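Scroll down for the structure; my scribbles are underneath it.
Here, each number is a calculation from the coordinates, and none is a lab measurement. The model shown is predicted, which means the values in this text are computed figures rather than measured ones. Using ideal geometry, Cβ is built from the backbone for each residue, glycine included, and neighbour counts are taken over all protein chains shown.
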Amino acid sequence: MIQRVFGSSSLLGLLSLVCLYPAFLAAQETQPPTPTPAPASPAVPGQKEAPKPAEVTPQTKGAGAPVDSSKYKVGPADILNILVWREPSFSGLFAVHSDGKITLPLVGDLDVGGHTPVEIQDTVKDALTKYIVSPPNVTVTVQEVLSKRYYMDGLSARPGEYALTTPTTVLEAISRAGGLQDFANAKRIYILRGSRRIPFNYKEVIKGKNLKQNIELQPDDHIVVP
């Protein structure tokens, strides 16, 4: 009797499992699959990341030379950037000739040597009134200073040629060149100005002594650091 009851119970259990199995499969199929993350794009050898917009600034292009447009006197070989609003044919970069003149399209030669960029703006405006109906809007800047240079020779940290864009003393020039090298003779520096040799004692000047020797540089001066 016990065996018959046990056998009936087992049979009922198997029938229950058979009935529930299709429902279990349906539940598994309706469950949304777990999304698989997309693989990262392989790096391309030599490819550089594109710069972000914030890294691009107006200062990265066309900044020009750091000169005071109301004081700097333009000289031969300087490069001027002339911008005439809405008149690209009159705009561009113009080199100052050895005679102190520039040549504008249609206009011809204009005398700019010894004048400031502010003064040159007025000169260009006056010259363009013959060719432009409305009053011309002109901006003149110095793109590159080539007419006024001084030179650091010898044992400065960064010897070489420098643009004389603003009034500059000997001490300022040495500082701009990164100072002196370790074995430089700071007491026997001199400035070559033509045939003249002007002594400069760096040790004295930085201590505030004999400051009259800290002269203002002139174009083509050579500061020699032995």
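Some observations on this one:
- Built amide H within the under 5 Å cut-off of Gly154, gap 5+: Val225
- Of all aspartates and glutamates in the structure, those lying under 19 Å Cα to Cα from Lys187, and not within fewer than 8 positions of it along the same chain, are Asp153, Glu172, Glu204, Glu216, Asp221.
- Scalar couplings 3J(HN,Hα) for the range 168-176, obtained by applying the Karplus form with A = 6.51, B = -1.76, C = 1.60 to θ = phi - 60°, are 9, 8, 4, 4, 5, 5, 5, 5, 5 Hz; x denotes Gly and Pro.
- Taking each residue as 0.36 nm, the span from Val118 to Glu216 lengthens on full extension beyond its C-alpha to C-alpha distance by 32.8 nm.
- Ser98 paired with Gln181, simple spin-label distance in nm, labels 7 Å along Cα-to-beta-carbon: 3.6 nm
- ³J(HN,Hα), Karplus 6.51/-1.76/1.60, whole Hz, each residue of the range 88-94, x for Gly, Pro: x, 5, 9, 9, x, 9, 10
- Estimated inter-spin distance, Ser134 and Ser89, nm [label 7 Å along Cα→Cβ]: 1.7 nm
- Members of Lys71/Lys209; Lys148/Lys212; Lys73/Lys203; Lys73/Lys207; Lys71/Lys203 lying beyond 29 Å, as alpha-carbon distances in this model show: Lys71/Lys209; Lys73/Lys203; Lys73/Lys207; Lys71/Lys203
- The Cα center of the range 188-226 and the Cα center of the range 113-146 differ in position by 38 Å.
- Cut-off under 5 Å, modelled amide H: who pairs with Ile189 long-range: Phe200, Tyr202
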